[in-house]
Each structure stands twice: as structure tokens, then as C-alpha cells.
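Values quoted throughout were computed directly from the atomic coordinates according to the rules given, and no laboratory measurement underlies them. Fair warning: this is a prediction, and the values are worked out from it, not measured in the lab. Counting neighbours? That spans all protein chains shown, and the Cβs are built from the backbone with ideal geometry, glycine included.
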Ligand SMILES: *Cc1c(COP(=O)(O)O)cnc(C)c1O
């Protein structure tokens with residue numbers, strides 16, 4: 001007799017209907033052209049228009065810098081469109097090597113290893129270092145790739161309350177056997193706040209755990225010479241043996257570089273499956289990243305500019321009574337509460353010419369939907385002022401839903 005299995009197509013349709021009910025559908029919007037921070041976008045209905053982008057991660061304005069795209073074109077002309085192989089077989093190119101060296105030099109660490117993206121790099125770190133008898137202790141708001149990395153490794157995953165280093169210590173104490181890795185975002189991607197890295201480093205030392213900082217949103221923006229949240233906390237490679245630089249955020253390109261201890265990185269380069277069994281990035285992409293890193297290291301005005309815009313945004317938003325979160329980074333979320341309100345506000349600022357995506361569960365916890373505003377050195381003061389006006393107007397039209405009582409009425 002044939003088994004009665006669930007039909008995956010039916011399941012997918014039901015899940016989609018449930019998302020529709022919860023105002024949690026996610027639709028892609030197509031970018032037709034870009035001009036600085038302005039994007040011409042096309043929606044599913046075919047309508048297209050120009051919007052000012054306030055929800056990307058191009059914090060330093062490098063994604064469309066002429067020297068970065070010029071480096072991409074020059075390297076593609078010389079070396080072609082693809083690498084043609086994995087790093088350990090035939091795909092490792094001098095531009096990959098040069099990029100790794102540049103980032104190791106920038107962050108003042110002995111070694112660096114280039115990956116196709118940050119998601120894969122996180123899988124490689126956790127899977128390459130931990131096994132079933134080991135523990136991975138993580139902040140509750142860590143990026144999804146770190147959570148999935150721990151699951152893939154088969155280790156014991158424990159989470160602590162957001163930003164709570166003492167919570168990390170408690171978790172480590174419950175798992176005294178086996179190796180331990182404490183993994184945290186440096187800057188939290190949906191909240192914009194910075195992890196308590198100094199406190200975590202002390203706890204890791206006492207507990208003989210290894211501290212891993214995913215600094216996707218910190219490198220380029222924070223710290224001396226833009227070296228990120230680890231350098232800003234004045235921690236060295238002994239305190240933070242591994243950190244992740246992603247190339248797709250402040251550096252405006254694509255890829256990720258793991259930086260830190262030479263023995264650990266050498267081990268991952270030979271054994272981590274997400275590193276070994278994948279095609280190396282196109283050399284031209286590494287060439288573009290190399291150009292971007294050099295600009296990020298040298299042009300301090302970009303960091304100063306985006307920091308000034310953060311202050312301007314916060315001051316103006318506070319004056320208008322907007323619900324800011326405690327962040328000093330270019331990630332400036334505004335709380336909206338439920339999904340419907342976040343979507344309505346996003347649509348209202350959209351109608352005023354601004355692109356600010358509504359971030360909803362499961363990307364953020366239930367009931368914490370938000371407009372995740374991000375700022376860039378490429379924005380103008382007047383852009384920020386107009387955005388705050390548009391958000392304040394949207395807030396006035398779309399009042400928060402009445403809080404549902406904690407105890408249902410009898
Ligand atoms: C974006 C991001 C990643 C993934 O990096 P990609 O290069 O985009 O795959 C990992 N960690 C954090 C904290 C991120 O924000």
C-alpha cells in the first residue's frame with residue numbers, strides 16, 4: 001500500500017495563506033536603475049518610479065563608487081567573469097590572496113580567509129570547529145546564519161537574552177564539558193546596538209570559550225580606521241580569535257572575509273565543508289572589494305559623515321516623538337508594533353518618495369515589527385530631514401493598535 005504523505009505543494013500553499021492572514025507576505029521589488037542613493041524600482045503591478053533608498057546597507061556609499069566599479073571592470077577585463085574552480089583546486093587567484101592580506105593588515109590580525117558570502121562563512125566557522133559534544137552560546141538576536149550554523153554542526157546551542165553577557169556566563173556554566181564557542185553579532189543587524197564585547201571577552205577567558213564576532217555591520221563604520229566593533233572595544237586577536245567582515249554591507253560589494261588566528265583559519269581553510277566545496281568568487285569581485293577596503297581605510301570623512309547623519313536623524317526623530325531604539329550606528333529602527341501598522345507606515349513613506357522596508361517576524365520577534373531606517377554617507381542632510389517629516393506624517397495617520405489586554409476579558 002502506498003504511504004499517505006503530506007503533499008509539499010499543499011503545505012506551501014497553506015503556509016502562504018497563513019502568511020497572507022498575518023500580513024507577513026514578502027514580495028521582491030525590482031531595482032531598474034540606481035543613481036547614488038536613489039533607485040528606480042518596479043513593483044509586481046509593473047508600476048515603476050524613483051525612490052530615495054533608506055533601507056540598504058551601503059553605509060559608506062561605496063556600492064556605486066567609480067573606483068570600486070572601475071576596479072571590477074578592469075579585473076574582469078583581465079581575469080574574466082568567473083574563478084573557474086574552488087579555492088583548493090584551481091580557483092584561488094592572486095586578487096583573492098591580495099584581498100585577504102589587505103584585510104588582515106587592516107584589522108591587525110595574522111590571517112584572513114575569503115568566502116563567497118557571510119552566511120556561508122558562519123556555517124563554515126561553527127561547523128568546522130564544533131562537534132556534537134561541544135557548545136555554541138549565542139545572543140538571542142544573532143543573525144539567522146549563526147543560528148543555522150550551530151544547528152548544522154550538531155553542537156549544543158544555547159541562547160542568552162539580548163546583550164546579556166551574564167546570561168552568556170550562566171549558559172557556559174551549565175555546559176562545562178566540551179569546547180565552547182560564544183558567537184555574537186558585533187552590531188545587531190535589526191536593532192543597530194553593539195554587543196558587550198569587553199564583558200563577553202572576559203567571560204570567555206574565564207570559561208575558556210572562544211569568542212567569535214560577526215561584524216557584518218560594524219566593519220567600515222565603527223572603530224579606528226573603520227576596523228569595526230572589535231577594534232572599537234580595544235580587543236585584540238587573543239581576546240577575539242575570529243571575526244567576520246562581510247563585503248556586501250559597508251564595503252558595497254559581495255563576499256565575506258574571516259579574520260583572526262592563523263591556526264584556526266588554516267584549519268577551516270582545509271576542512272570546513274562550506275569553504276572547500278564551493279566555487280571561489282570571481283577574481284573581479286575580489287578586485288572591487290580590495291578597492292573598497294582601501295577607500296574605507298583612508299576616507300575617514302565617510303564615517304564622520306554617516307555619524308553626523310545618525311545624530312541628525314535621531315535629534316529630529318526625537319523632536320517629532322518617533323519611537324527610536326537605542327542605537328548609535330547607521331541602523332536606526334523605529335518601532336511600529338504589529339505587522340499591519342509597519343506595512344501601512346512603510347507604504348505611506350513610500351508614497352512620499354522614500355524606500356524604508358517594514359521588517360516583520362520571523363526576522364524580528366513577534367509584535368516588534370519596525371521600519372528599519374539605515375543611513376549612508378551618500379545621503380544629504382535635506383534627505384534625512386524630509387524622511388523624518390514623512391515618517392512623522394505616516395505615524396500621525398496610522399495610530400498604533402490598541403494594546404491587547406494581557407489577560408483576555410472574561
Ligand atoms: C548580512 C549578514 C550576514 C550574511 O552576510 P552575507 O554576505 O550577506 O551572506 C551575516 N551576519 C550578519 C550579522 C549579517 O548582517
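Quick rundown of the values:
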quantity	calculated
Qualifying residue in the range 18-29 (condition: surrounded by 10 or more Cβ atoms within 10 Å (Cβ to Cβ), touching a helix residue (DSSP H, G or I) at 6+ places or on another chain (Cβ under 6 Å), free of Cβ contacts under 8 Å to residues at least 40 places away in the same chain and over 23 Å from residue 69 (Cβ atoms))	yes
Count of the range 345-372 residues which are surrounded by fewer than 18 Cβ atoms within 10 Å (Cβ to Cβ) and not in a loop (DSSP other than H, G, I, E, B)	2
Selection from the range 161-183 of residues that are farther than 13 Å from residue 239 by Cβ, touching a residue at least 40 places away in the same chain (Cβ under 8 Å) and in contact with a helix residue (DSSP H, G or I) (Cβ under 7 Å, 6 or more places away or on another chain)	180, 181, 183
Number of the exception - residue 284 against (1) more than 16 Å from the ligand (Cβ to nearest atom); (2) assigned to a helix (DSSP H, G or I); (3) under 28 Å from residue 165 (Cα atoms)	(3)
Residue 230 more than 18 Å from the chain's Cα centre (by Cα), over 16 Å from residue 328 (Cβ atoms), more than 10 Å from the ligand (Cβ to nearest atom) and in contact (Cβ under 8 Å) with a residue 12 or more places away in the chain	no
Residue within the range 242-258 that is touching a helix residue (DSSP H, G or I) at 6+ places or on another chain (Cβ under 6 Å) and away from the ligand (no atom under 15 Å from the Cβ) present	no
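Residue-by-condition table, conditions (1) away from the ligand (no atom under 16 Å from the Cβ); (2) in contact with a strand residue (DSSP E or B) (Cβ under 8 Å, 6 or more places away or on another chain):
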site: 111; (1), (2): yes, yes
site: 115; (1), (2): no, yes
site: 120; (1), (2): no, yes
site: 125; (1), (2): no, yes
site: 131; (1), (2): yes, no
site: 136; (1), (2): no, yes
site: 141; (1), (2): no, yes
site: 148; (1), (2): no, no
site: 154; (1), (2): yes, no
